[in-house]
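This report refers to the structure that appears directly beneath it.
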Amino acid sequence: MAHIFTPNVRGVLWMMAAVTGLTTMFAILKHLTRDLPVLEVSMFRMAASLLFFLPWLIRNRLGVLRTQRPMAHFMRGFFGATSLLCMVYAVSKLILADATVLGFTIPLWSIILSMLFLGERIRLRRTIATICGFIGVLLVVQPQGGVAPAALVALGGAILASGAIITMKDLTRTEPADRIVIYFLIYGTLILLGPAIYVWQWPDLVQWGWLLGLGLLGSSGQIFLTRAYALGEVTIIAPLDFLRVIVAGIIGFVVFDELPDAWAFAGTAVILFSCVYIVRREAMMKKQGADGS
């Protein structure tokens, strides 16, 4: 049996666990925003994850926080926290599958931002895939019927998430991954705490349980993602992340009685095809570059 569980197979299994956990986390966020303010739920998403990282911080002592790039860490936290806030708002107003697929426009926005701020070249195939992806966005939001404000907020969240990714890429040149994550959670919690206090409602006992569950699913989901990418090939693992849309559709239908319309299905297919192509193409080009070096 051992030969069956190759690194790629184990990577796929870890990725499936990550997809399920992180999508379930957003379903819990949607459930909680029915009774608690979006700002408060977003803040608790950050704070609860930070709580699960405290043992690591205590074990490694405060020296691990020593950095010469506090502003870069702050910008990463700012982009990440505001992106999360946008996505939580979108999830609270849109059906879960639509909010999830609009969040997956991150690769499209990342290409544009990388060109503008990092000076990266956009090749013809990626340009065509990006254009197709935005056509898919139009199919999902259906502007001819009036764009839902929450859909625009979801797209804004994807743009902010792209900013967080670009900032993170820059930080990885000098900072270890653990330090980037812990500063992200610290700054993200502090950024959202002030506005959350303004609209504060004390959770009841059951809601406290759900809030702790957010931290558990968020933290474990990131760990599962890390293990998946560490074990499997990027060209195999990365496209599996888009299975979140399918899981979100199933959860939305079973738990929230949601069903996307035909235009949303078509737009989702176009967006996912474009993003999968971009991710696989980028991974293949990096591999070719490494082989040729």
*Taking the residues in the range 60-82 that are of a type in the set (A, V, I, L, M, F, W, C) and touching a Ser or Thr at 6+ places or on another chain (Cβ under 8 Å) as candidates, determine which candidate is least open to solvent (accessible area, probe 1.4 Å).*
81
_Tell me yes or no: at least one residue of the range 196-207 is within 24 Å of residue 71 (Cα to Cα) and either among the charged types (D, E, K, R) or buried (at least 18 other Cβ atoms within 10 Å of the Cβ) (or both)._
yes
*asked:* Of the residues 57, 39, 50, 32, only one is at pLDDT below 80, in contact with a helix residue (DSSP H, G or I) (Cβ under 7 Å, 6 or more places away or on another chain) and either surrounded by 13 or more Cβ atoms within 10 Å (Cβ to Cβ) or of a type in the set (Gly, Ala, Ser) (or both); which?
replied: 57
*Filter the range 17-29 for residues that are among the hydroxyl-bearing types (Ser, Thr, Tyr) and either outside any helix (DSSP H, G or I) or open to solvent by 10 Å² or more (accessible area, probe 1.4 Å) (or both) and give the result.*
20, 24
*Using the structure shown, decide if residue 138 is surrounded by fewer than 20 Cβ atoms within 10 Å (Cβ to Cβ) and at pLDDT below 75.*
yes
_Positions within the range 212-223 being crowded, with 20+ Cβ neighbours inside 10 Å and either assigned to a loop (DSSP other than H, G, I, E, B) or not small (Gly, Ala, Ser) (or both), in sequence order_ = 214, 217
_Which numbered condition residue 236 fails, given (1) among the hydrophobic types (A, V, I, L, M, F, W, C); (2) closer than 11 Å to residue 23 by Cβ; (3) open to solvent by 30 Å² or more (accessible area, probe 1.4 Å); (4) at pLDDT below 80_ = (2)
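The values are calculated or read from the model by the stated rules, or taken from the named source; none is laboratory data. It should be emphasised that the depicted structure is a prediction, and the values quoted were computed from it without experimental measurement. No Cβ is skipped: glycine too gets one built from the backbone with ideal geometry, and neighbour counts run over all protein chains shown. Accessible surface is based on the protein model in full, side chains and every heavy atom, while ligands, DNA and RNA are left aside. Shrake-Rupley method; radii C 1.70, N 1.55, O 1.52, S 1.80 Å.
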